[in-house]
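Chemist: One structure, as structure tokens, below. Some questions next.
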């Protein structure tokens, strides 16, 4: 495994829609492992392939909540979502800044694992926020596109007293808000040769909500 360079905004690759993985081979698995090592070294709780300069639909996630659960996902999609929660987020590709972002409180993610098996992950709270943040990266979306109260943090991670306010996204209205569509869900997975899948249910305590600034994604 190797530690890769994390690209920073305004790198063009961060604004491109990443391409689905159509073949899972040794190079894809090595990239997932290198991304994992890079995430831990940063340190962070999630990393998407565009953040290391590769425009492919790959993410790695470890909420570091004591569960020891590492997710290495290929062609992930959010197929169900409910509720709203507002949290503070940072990003390894936008160092030194945090902002407040409205996210779904619960999501279901469908993806392929490193062996090509289709998996469904039910996540809530902090883990759900991380998945949404990383999947946004695959569509060329940064948290700063959605955040309010964008502000600097000091080197020790404490927020500066003087906050720069960037009103980008108002509080969402849950009724009628765009739910992720299940139409086409899993198509990219099928293209990569998905096997029969398994359900992975993971819940993260709401006490972790809003703490994403402590671990950048």
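Chemist: Condition first: assigned to a loop (DSSP other than H, G, I, E, B), in contact with a helix residue (DSSP H, G or I) (Cβ under 9 Å, 6 or more places away or on another chain), in contact (Cβ under 8 Å) with a residue 60 or more places away in the chain and more than 11 Å from residue 217 (Cα to Cα). Now tell me which residues in the range 127-145 satisfy that.
Modeler: Within the range 127-145, 140 is the sole residue that qualifies.
Chemist: Could you count how many residues in the range 48-70 are farther than 16 Å from residue 21 by Cβ and touching a strand residue (DSSP E or B) at 6+ places or on another chain (Cβ under 8 Å)?
Modeler: 3
Chemist: Let me ask something else. Going by the conditions given, is residue 10 assigned to a loop (DSSP other than H, G, I, E, B) and touching a helix residue (DSSP H, G or I) at 6+ places or on another chain (Cβ under 6 Å)?
Modeler: no
Chemist: Check the range 125-133 and report whether any residue there is closer than 18 Å to residue 45 by Cβ, surrounded by fewer than 20 Cβ atoms within 10 Å (Cβ to Cβ) and at pLDDT 95 or above.
Modeler: Scanning the range 125-133, I find no residue that is closer than 18 Å to residue 45 by Cβ, surrounded by fewer than 20 Cβ atoms within 10 Å (Cβ to Cβ) and at pLDDT 95 or above, so the answer is no.
Chemist: Just wondering, is there one or more residues in the range 146-167 that are assigned to a helix (DSSP H, G or I), surrounded by fewer than 17 Cβ atoms within 10 Å (Cβ to Cβ), at pLDDT 95 or above and more than 12 Å from the chain's Cα centre (by Cα)?
Modeler: No, every residue in the range 146-167 fails to be assigned to a helix (DSSP H, G or I), surrounded by fewer than 17 Cβ atoms within 10 Å (Cβ to Cβ), at pLDDT 95 or above and more than 12 Å from the chain's Cα centre (by Cα).
Chemist: Can you pull out the residues in the range 33-51 that are closer than 15 Å to residue 137 by Cβ and either at pLDDT below 95 or over 14 Å from the mean Cα position of the chain (by Cα) (or both)?
Modeler: Listed by number, the residues that qualify are 38, 42.
The values are calculated or read from the model by the stated rules, or taken from the named source; none is laboratory data. This one's a predicted model, so the numbers in the text were calculated from it and none came from an experiment. A quick note on method: Cβ atoms are made from the backbone with ideal geometry, for glycine too, and the neighbour counts reach across all protein chains shown.
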